Amino acid sequence: SYFLDALISQLIERYGNDVVFHGGIKVTATVDSNLQYAGDQALKNGLTRLDALMGLEPDAEPRPQAALVAVDPASGAVKAMIGGRDYYNSEYNRAINSRRQPGSAFKPFLYYTALYKLNYSGATTMVDSPIAIPVKGSSTWEPRNFENSYRGRMVLKQALTDSVNTIAARLVEQTGPKAVTDTARLCGITSKLEDVYSVALGTSVVTPFEMASAFSTFASGGVRHEPFMIWRVEDPFGRVIYEHLVRGRKVLDPETTYQVVDMLKSVIDTGSGRNIRAMGFTRPAAGKTGTTDSYNDAWFAGFTPSLCTAIWTGFDRERKLKVSSQPGITGGKIATTIWAEFMNEAMKNEPPRDFTIPDGIRFEQADPVSGCKAFSSRAITIPLKKSQTLCQTP
């Protein structure tokens, strides 16, 4: 019903109430009923786990909500959309109407900007340490890491894998915030974004629909497809009065995009999204968790080469997702489990395949601290452009 409501709204906007409700038109939608059902089940199961984690009784009010949007990166077709816990209790579609801070789920736009504008790579090293950035006309910005600890020098691939805020702050200081918001808009974020340093840590609000759409630009190797819900509209006599033509537009550099995707694969394999592997999802995938400072919002946006899905969890009225033994519940705790359960079901009939490697990419083994060539057991694989080298320190 969440998908149908959004679909009908688009049709009314295009053709008017009379045609939609009395005109006898036939609409071919993008939704996949199997994926829609799988998303609904995954969302309900995830929220049941979240309720239990928070110690909420079945009749407790308010209860946390969630949203899921799944998009085909090859076309932009919306394959599934769930806008809340229960449509019959609340018709409000959080997937397209709820604008919330994405937290660190916004960092891929920052990292793409830094790699592309500054010619950095995953092997470029920076220092994780306290930082203070002067802001003209405002107080100094002093972001902290989630764990309130610092680890010194590391490569950028490790910094994104572990979602290190101080290094993200150093990157946005070098690129400038406008370059980051420009990248996000190229990818498909349409909500208003503030050109401030903290945008790199996800302080501007976005919708789950936008996040699924924007992350699908990474999944497609930098080709942007506008998200859509209608394939075709026919009049009562079977004549086609509208047909969607798939047109992709290259908006990102494919080599840089692949370098970011490689980092996001590491998030799932060894970083804040590793819960996905624990849930039994084994195929190649990439993504990013997000948690706001207040623990009001917990996200995971991720993709395989053929499907991109964004998950948001939180309360309608901003309220902390908390559990007694921890400061709060992160995107890596619950949003990842919903994503993994949905994607396991959604992808079960597809053969596993990895992301396409652009021709201009080569791979090197690098030390995660120095960024120089390494052959030890702790070495990590870094994709480099032909023009790039290891041991790069800005």
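The values are calculated or read from the model by the stated rules, or taken from the named source; none is laboratory data. None of the values given here were measured: they were computed from a predicted structure. Don't worry about glycine lacking a Cβ; one is built from the backbone with ideal geometry, like all the others, and counts go over all protein chains shown. All accessible areas refer to the heavy atoms of the entire protein, side chains included, with ligands and DNA or RNA removed. Shrake-Rupley method; radii C 1.70, N 1.55, O 1.52, S 1.80 Å.
Here are some notes:
- Prolate/oblate/rounded call for the chain, Cα gyration tensor, a/c under 1.5 rounded: prolate
- The chain: angle of helix 177-187 to the longest principal axis, Cα-based, in degrees nearest 10: 40 degrees
- Measuring nothing but protein heavy atoms, the accessible surface of the chain at 1.4 Å probe radius is 49 percent carbon and sulfur.
- Taking the C-alpha atoms only, the angle from helix 335-346 to the longest principal axis of the chain is near 60 degrees.
- Furthest towards positive pole of dipole, 175, 115, 150, structure part the range 74-200, Cβ charges: 115
- Signed unit charges on C-beta, dipole axis of the chain, positive-most listed residue 346, 81, 377: 377
- Positive-end residue, the range 191-347 charge dipole about Cα centroid, Cβ charges, pick of 217, 229, 312: 312
- Computed log₁₀ I(q)/I(0) - Debye formula, equal Cα scatterers, no solvent, the range 216-323, q 0.21 Å⁻¹: -1.10
- Summary: within the chain, the longest segment free of trypsin sites (Lys or Arg not before Pro) located in DSSP loops with at most 11 other C-beta atoms within 10 Å is 1-135.
- Tensor-based shape of the range 294-394 (alpha-carbon gyration tensor, a/c under 1.5 rounded, otherwise prolate or oblate): oblate
- Degrees between helix 208-219 axis and first principal axis of the chain (Cα, 0 to 90, nearest 10): 60 degrees
- Listed pairs 136/265; 250/322; 348/373; 192/333; 178/320 exceeding 32 Å between Cα atoms: 136/265; 250/322; 348/373
- Cα gyration tensor shape for the range 1-115, rounded if a/c is under 1.5, else prolate or oblate: oblate
- Along the chain, the exposed loop sites are GluC sites (Glu not before Pro) outside DSSP states H, G, I, E and B with at most 15 other Cβ atoms within 10 Å, and the longest stretch free of them is 195-317.
- Computed per residue of the chain from DSSP H runs no shorter than four, each worth -39500 (n - 2.57), the mean residue ellipticity at 222 nm is -10000 deg cm²/dmol.
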